[in-house]
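Enquirer: One structure coming up, written as structure tokens, with questions to follow.
Derivation of every value follows stated rules applied to the coordinates shown; laboratory data play no part. None of these values were measured; they are calculated from a predicted model. Here the Cβ positions follow ideal geometry from the backbone for every residue, glycine too, while neighbour counts run over all protein chains shown.
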Amino acid sequence: MTFSPQLEERFAKMLTRYPEGRTRSAVVPMLIYGQDEVGAVTKELIEEIARRCKVTPLQVDEVVGYYSMLHRKPQGKFHVQVCTNISCQLVGGEELYEHAKKKLGLGHKETSPDGLFSLEEVECMGACSWAPAVEINYDFHHFVTPEKLDQLIDGLRKAQ
Amino acid sequence: MAKQLFNEPSPLETRVVSKNFAIEGSETLDVYLANDGYKAFRKAKEMTPEAIVEEVKTSGLRGRGGAGFPTGLKWSFVPRNSPKPRVIVINADESEPGTCKDRLLMEYDPHQLIEGILIAGLAVDAHKGYLYIRGEYRYLIEKMDRAIDEAYAKGYLGKNIAGTGFEFDLCTHSGAGAYECGEETALLDSLEGKRGVPRMKPPFPAVAGAWALPTLLNNVETFSAVPAIIRDGGAAFAALGTPKNGGTRLVCISGHVNKPGVYELPLGFPMMKAINEVAGGIPGGKKLKAVVPGGSSCPILRAEECDIPMDYDTLAKVGSMLGSGGMVVLDETTDMVRFALRIMKFYAHESCGWCIPCREGTTWLKKILQRFYEGQGRREDISLLGELSKNMLGRTFCALGDAAALPTISIVEKFTEDFEMYLARQEVMV
């Protein structure tokens, strides 16, 4: 399995960062960066990372279920993450999440049939003082209102 | 045009770690160097390692990640003469609900953080550092990678740093979504490529941490405070705060306030003044109901308990904690059953499952709170919530069990009337 030249370069660097014989340390970063390119944590990705980190595929597989950002099935092209934890809850995060469900016609961790959007109710993502917060893929959006969320989603849909 | 910050600064702030935030280009090495950058490192290079640790002790700096452990003391535990190489691990897994400060330190002043790490490297004779950043902060991983590349290119990382002969390598390491990895030993397992479950202590990370090497582990804000401490002296930093509670810290104010934001305040700053003056008070003239003083793990305070200075010792006296600096303000309209339920949903989701009292306790507490919230509560549930929580205390490897139990105990005890109201409403319905 080969990756884009940029990712190959990143992976090569990662494998040299840790003390000698400790390439297992690169497993989690390689999984998340690999997933971003492949679209999901596939069997092939697990086997490739295991080969490169010199561990068994099982040692890679067992961490996948632990980390909430790793997923075995592809998410939408735009993964909409709405925080409802306390700081967001107090200023309308739960209502915003309900609004997102209706707007996208999706539930928690569901993906639209066209593969464009997926939705997830997430835990605190470190935007408490600028709540309610939404992260779409890796982009943070602060002080999000239902109207602002509609604009964001419509804008992404139109750009397709 | 002035630089657009996350929130307007307050004139009541004492800016030490955030002093460069508003400067245009503050994330670049040149701007950092023009604003006292690397003065502290050069000074530290002329000091003995013991003197650096002493200076940090004098500053009264305590860990800004949540536990509040004295930083100088922690540094002194790392065996500098061990035959094994020492490593430094920087905890940027910021995920305690209510906390959003390390983001700003990495976004606006990455070189201050790097300089702090280098000084720690001098103190414990370490030459390798790993910056563990939560996966959700990808844009910050990219920003830190750029800052690290710039530091290497200009001779502030790598061999012969700033012409001093000191050598240090630093890299970022991405997490992938796990609150538990903010706990230092779980973070180390995650850094080693495993599931992030906590380790038994002792041995402490200072003796056997990452890859069983002596490891110095601190939070981003803790390292970021070090350059100012060395540059201006530990005593000057200590004098900003109160005895045994040195310096300033970033306080993240969120919830029901007019001007939520991250503000740098001296330790011992009055809590009510922070709410009413720094954060502009509660919207709509509503009354204060409660405050979570330092992130969701901290026992909650009723409004009448909040007329206190914010320092570690005072918070301990009132039975809570200053934690990670995440101060959540609740107005009189807040439904405490709903609030407690949201906290417990979080801990049940984040419990790694390693310790049974935490794994089962958080799940059962969530179920009981859920049924209460849905109008199916029973009178005996009120005492059951407290009893269950108390049975979790101190019975787990890491602090997550306590972190879930403590706020629950405090909410049930201090806001029993909210639970009673649910029961009364149910009776009316019948």
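Enquirer: Of everything in the range B:100-145, what is facing chain A (nearest Cβ under 10 Å) and part of a loop (DSSP other than H, G, I, E, B)? Give them in sequence order.
Expert: B:Cys100, B:Lys101, B:Arg134
Enquirer: Do you know which residues across the range B:212-234 are in a helix (DSSP H, G or I), over 18 Å from the mean Cα position of the chain (by Cα) and closer than 26 Å to B:Met106 by Cα?
Expert: Answer for the range B:212-234, where residues must be in a helix (DSSP H, G or I), over 18 Å from the mean Cα position of the chain (by Cα) and closer than 26 Å to B:Met106 by Cα: B:Pro227, B:Ala228, B:Ile229, B:Ile230, B:Arg231, B:Asp232, B:Gly234.
Enquirer: Let me ask something else. Looking at B:Ser174, B:Ser190 in this structure, which one is crowded, with 24+ Cβ neighbours inside 10 Å and among the small types (Gly, Ala, Ser)?
Expert: Unique residue meeting the criteria: B:Ser190.
Enquirer: For the range B:295-347, how many residues are acidic (Asp, Glu) and outside any loop (DSSP other than H, G, I, E, B)?
Expert: Qualifying residue count for the region: 4.
Enquirer: Next up: Name the pairs: first residue in the range A:141-152 and touching a residue at least 12 places away in the same chain (Cβ under 8 Å), second residue surrounded by 15 or more Cβ atoms within 10 Å (Cβ to Cβ) and not in a helix (DSSP H, G or I), Cβ to Cβ under 7 Å, at least 6 apart or on different chains?
Expert: From residues that are touching a residue at least 12 places away in the same chain (Cβ under 8 Å), the pairs are A:His142/A:Ala127; A:His142/A:Ala133; A:Val144/A:Pro132; A:Val144/A:Ala133; A:Val144/A:Val134; A:Leu149/A:Val134; A:Leu152/A:Ile136; A:Leu152/A:His141.
Enquirer: If you check B:Lys244, B:Lys154, which single one turns out to be more than 10 Å from every other protein chain (Cβ to nearest Cβ) and closer than 30 Å to B:Pro97 by Cα?
Expert: Among B:Lys244, B:Lys154, only B:Lys244 is more than 10 Å from every other protein chain (Cβ to nearest Cβ) and closer than 30 Å to B:Pro97 by Cα.
Enquirer: Also, I was wondering about something else. Within 30 Å of A:Lys109 (Cα to Cα), more than 8 Å from chain B (Cβ to nearest Cβ) and either without any contact (Cβ under 8 Å) to a residue 12 or more places away in the chain or exposed (fewer than 15 other Cβ atoms within 10 Å of the Cβ) (or both), is that true of A:Leu58?
Expert: Considered against the rule, which asks whether it is within 30 Å of A:Lys109 (Cα to Cα), more than 8 Å from chain B (Cβ to nearest Cβ) and either without any contact (Cβ under 8 Å) to a residue 12 or more places away in the chain or exposed (fewer than 15 other Cβ atoms within 10 Å of the Cβ) (or both), A:Leu58 comes out as yes.
Enquirer: Counting only residues that are β-branched (Val, Ile, Thr) and outside any helix (DSSP H, G or I), which one in the range A:61-113 is farthest from the other protein chains (Cβ to nearest Cβ)?
Expert: A:Thr111
Enquirer: Examine the range B:382-392 for a residue that is crowded, with 20+ Cβ neighbours inside 10 Å, assigned to a helix (DSSP H, G or I) and out of contact with any helix residue (DSSP H, G or I) (no Cβ under 8 Å at 6 or more places or on another chain), and state whether such a residue exists.
Expert: Taking every residue of the range B:382-392 in turn, none turns out to be crowded, with 20+ Cβ neighbours inside 10 Å, assigned to a helix (DSSP H, G or I) and out of contact with any helix residue (DSSP H, G or I) (no Cβ under 8 Å at 6 or more places or on another chain).
Enquirer: Continuing with the same structure: Applying the selection to the range B:54-71, what residues are in contact (Cβ under 8 Å) with a residue 60 or more places away in the chain, closer than 20 Å to B:Ala126 by Cβ, surrounded by fewer than 23 Cβ atoms within 10 Å (Cβ to Cβ) and not basic (Lys, Arg)?
Expert: B:Glu54, B:Gly63
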